[in-house]
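A.B. asks: Please read through the structure below; I'll follow up with questions.
The numbers here are math on the coordinates, done by the rules we state, and not lab data. In this text, all values refer to a predicted model and were calculated from it rather than measured experimentally. When we count neighbours, we look across all protein chains shown, and the Cβ atoms used for this are built from the backbone with ideal geometry, even at glycine.
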Amino acid sequence: MTVASQDLWPAPYRGAAPVQATIEIPGSKSVTNRALILASLAKTPSTLRKPLHSRDSALMIAGLKAIGCGIDEQANGDLIISPGKFYGPASVDVGNAGTVMRFLPPVAALANGIVHFDGDPRSHERPLGPVIAALEDLGVTIEHGNRYSLPLTLNGNGELRGGAIDIDATSSSQFISALLLVGPATEEGITVTHVGSTLPSMPHIEMTVQMLRQFGAQVDVTDPRSGTHRWTVHPGELTGLDLVIEPDLSNAAPFMSAAMICGGSVTIKDWPRETTQPGDQLRTIFANMGADVEFTSAGLTIKGTGVIHGIDVDLHDVGELTPSIAAVAALADSPSSLRGIGHLRLHETDRLAALAAEINALGGDVDEEETALHISPAPLHGGIFHSYEDHRLATAGAMLGLVVPGIEVENIATTQKTLPDFPGAWANLLTGSN
């Protein structure tokens, strides 16, 4: 299904008609883009099976190809990565993808030549300074007009010294992952110490460490109970892998919510029993909000019980789940408080302000604090739900539209950032198709 970018998409209304569906979620964006980086740095080829094909992954693939990595897509969607020597001149479009704008510059520092980075207008506003400053501390020449943001031009000499870096990753854990991923390819390795206050999205750093080790890197992690957040990646060769990419559990949230909102049952195929993905916490969060959640032979099954309870929860480590949880909370029978999410103001949009504005415009009752949303039950009505070019805002609007007639989601096409065909998958969910 093709949807023009600025069209108003009538969110399908279902009411109290229960859903009954089994859904296959595309591969994880976070795992796919980390795997692409690590495979490009390996000494032998890799095959990535069931990777995500979306705007964010396409931007990563195009960026790596631009600096010399061979990436071939097979007829079944698998990717074969053939590492090569990185070079410039090259131009990289990061779009509005945090992983691309933060993970690729350290890789491009290994290229011999000039690499220019630019992206969507919003990408110029998103924080990138700590990565730029860290690379400059490591001896990389970067032209950014003293803005410490995009657009920028990096002049690499084919190698990266490495060393010890202090970095404030309060606004994004991706700053740390960006440096750790390139660590094995540096001459001295990389030691990264977080020197800020709170550190968001720790599961994503744990994912980075786990995947580095999968590809053969030696990584030492300081016990955070010591009060210090420090990681050391030793220099060494990475070995290519034949890797199956897990489904994107965060992208499962809208589909899981349908069973809670409408009643019925939804099974997410191939949900891993063990994973570092933050989306795995949906099992506990939705169970606490009233759902029945259990592993089955087919995957993970969530059943609606006819009630949705409010929740008081700290989402600091799993902030990307906030839009979906906020949408469910707006339909609950008691108030909710979603806390620890101030860093979401620096994501694709200011997600706290956007969620409060859009839910309230439909008759909701959302109070916004600097680091929290407080959501009270209120009768909702139809209207336009703006997406702010944010894929997770768009899916939140679709969720509300299940039981609120007359909701139109602006720019549903923005979901292509991490879901290649959300409208089609949503339609399949509601018809019970796999």
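A.B. asks: Once label points are set 7 Å from the Cα along Cα→Cβ at both I80 and T198, what is their separation, rounded to one decimal in nm?
C.D. replies: Between I80 and T198, the label points sit 4.7 nm apart.
A.B. asks: Would any residue of the range 17-44 have its amide N under 14 Å from a label point 7 Å out along Cα→Cβ of H309? List them or say none.
C.D. replies: No residue qualifies, since no backbone N sits under 14 Å from the label point.
A.B. asks: Now, a different point. For the range 29-224, taking Cα atoms only, what is the radius of gyration to one decimal and the Dmax to the nearest whole Å?
C.D. replies: 15.4, 47
A.B. asks: Follow-up question, since we're still on this one. From the residues I61, G189, N157, which one has its Cα farthest along the dipole of the range 29-224 in the positive direction, the dipole being from +1 and -1 charges on Cβ of Lys/Arg and Asp/Glu about the Cα centre?
C.D. replies: Of the options given, the answer is I61.
A.B. asks: Extent of the range 392-434 along each principal axis, from alpha carbon coordinates, in Å, largest to smallest?
C.D. replies: Here the Cα extents, ordered largest to smallest, are 25, 25, 11 Å.
A.B. asks: Between R339 and V244, what is the label-to-label distance in nm when each label sits 7 Å out along the Cα-to-Cβ direction?
C.D. replies: 4.0 nm
A.B. asks: Multiplying the sequence separation of R213 and E136 by 0.36 nm and subtracting their Cα-Cα distance, what value in nm do you get? If you can, show how the numbers build up before the last one.
C.D. replies: On the way: separation 77, 0.36 × 77 = 27.72 nm, distance 2.66 nm.
Extra length available between R213 and E136 comes to 25.1 nm.
A.B. asks: Of all DSSP beta bridges located in the chain, what percent are antiparallel, nearest 5?
C.D. replies: Taking every DSSP beta bridge within the chain, about 65 percent pair in antiparallel fashion.
A.B. asks: Dividing the convex hull volume of the alpha carbon atoms of the range 296-434 by its residue count, what do you get in Å³ per residue?
C.D. replies: That works out to 121 Å³ per residue.
A.B. asks: Next question. Report the FRET efficiency, 1/(1 + (r/R0)^6), for E24 and E159, where r is their Cβ-Cβ distance and R0 is 41 Å, rounded to 0.05.
C.D. replies: Here the calculated transfer efficiency is 0.45.
A.B. asks: Taking the Cβ-Cβ separation of R273 and E73 as r and a Förster radius of 22 Å, what is the calculated FRET efficiency to the nearest 0.05?
C.D. replies: Calculated value: 0.15.
A.B. asks: Please compare each pair in K29/K417; K29/K269; K65/K85; K65/K269 to a cut-off of 21 Å on the Cα-Cα distance and tell me which ones are over it.
C.D. replies: On the way: K29/K417 9 Å; K29/K269 17 Å; K65/K85 11 Å; K65/K269 32 Å.
Checking Cα-Cα distances, K65/K269 exceed 21 Å.
A.B. asks: May I ask for log10 I(q)/I(0) of the chain at q = 0.07, 0.10, 0.11 Å⁻¹, from a Debye sum over the Cα atoms as equal point scatterers with solvent left out?
C.D. replies: -0.33, -0.68, -0.82
A.B. asks: Could you give the nm distance between label points at E369 and R147, where each point is 7 Å from its Cα heading toward the beta carbon?
C.D. replies: Distance between the two pseudo-spin positions: 3.5 nm.
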